């Protein structure tokens with residue numbers, strides 16, 4: 001018997017937002033009944049086609065799959081599409097108070113469905129696997145070479161999940177993706193992929209030049225002014241850079257963003273952009289200064 005948190009049990013026994021949105025703006029469908037889990041996610045946007053105002057799901061799977069899907073729909077409501085894309089499978093698991101590691105693939109499926117829905121809405125191609133083996137595990141731009149024939153999972157998808165979740169063992173990869181969980185013939189290749197990802201991470205860290213505090217502050221300020229503040233101002237909000245202490249960036253939200261219930265999610269989005277465009281070690285802290 002899995003050790004589920006009270007929040008997982010609640011979202012399983014009382015799932016939120018179950019059903020279909022007939023006039024949905026975006027739909028993401030992943031998984032397959034053939035491999036035991038399937039999820040169809042529906043998103044409805046506001047009149048400006050910027051924010052998610054409603055989200056519903058239909059799923060076939062275990063308690064964790066239902067709970068993860070329910071949690072995901074609650075998490076993305078009120079977010080812009082870019083903010084929604086910042087939601088990770090770890091965020092879904094944390095929202096639920098944690099998932100058994102053997103069930104983490106359910107949170108990955110939720111993140112995958114969200115990305116597929118938004119990419120399709122934006123007219124970006126979502127590649128499909130070979131029809132013979134396709135089980136729905138298609139990430140945008142993640143075709144790659146087939147590794148797990150049982151579940152139709154590619155090397156590029158696996159490397160993405162390994163890197164995003166800092167996985168170090170084949171057992172963890174199986175828990176997060178199901179790859180290797182059937183016949184097991186792909187386990188050696190999974191171990192090779194883990195070694196590749198770990199090696200690439202070490203090489204990238206060694207090759208990346210260290211930023212001086214002054215340069216770091218200049219780059220952070222540039223990203224905030226160019227990519228973040230215009231978006232917040234469009235919704236009547238704003239933010240201010242308070243301080244940078246090592247890798248910790250302190251920001252304060254202003255105007256409509258000050259005291260907003262979703263400011264925590266906005267702070268996560270700011271952190272994602274700064275880590276992407278400045279330095280991956282940065283952490284954002286919201287302060288009330």
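Residue-by-condition table, conditions (1) assigned by TED's automatic domain parsing to the domain that holds residue 38; (2) in a strand (DSSP E or B); (3) in contact with a helix residue (DSSP H, G or I) (Cβ under 9 Å, 6 or more places away or on another chain):
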| residue | (1), (2), (3) |
| --- | --- |
| 200 | yes, no, yes |
| 229 | no, no, no |
| 232 | no, no, yes |
| 239 | no, yes, yes |
| 252 | no, yes, no |
| 259 | no, no, no |
| 267 | no, no, no |
| 275 | no, no, no |
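Close Cβ contacts (under 6 Å, 6 or more residues apart or on different chains) running from residues in the range 106-133 that are in the same structural domain as residue 147 (by TED's automatic domain parsing) and at positive phi to residues that are at pLDDT 90 or above and surrounded by fewer than 22 Cβ atoms within 10 Å (Cβ to Cβ) are absent.
The values are calculated or read from the model by the stated rules, or taken from the named source; none is laboratory data. In this text the structure is predicted, and so the values were computed from the model without any measurement. Cβ coordinates were reconstructed from backbone atoms using ideal geometry, including for glycine residues, and neighbour counts include every protein chain displayed.
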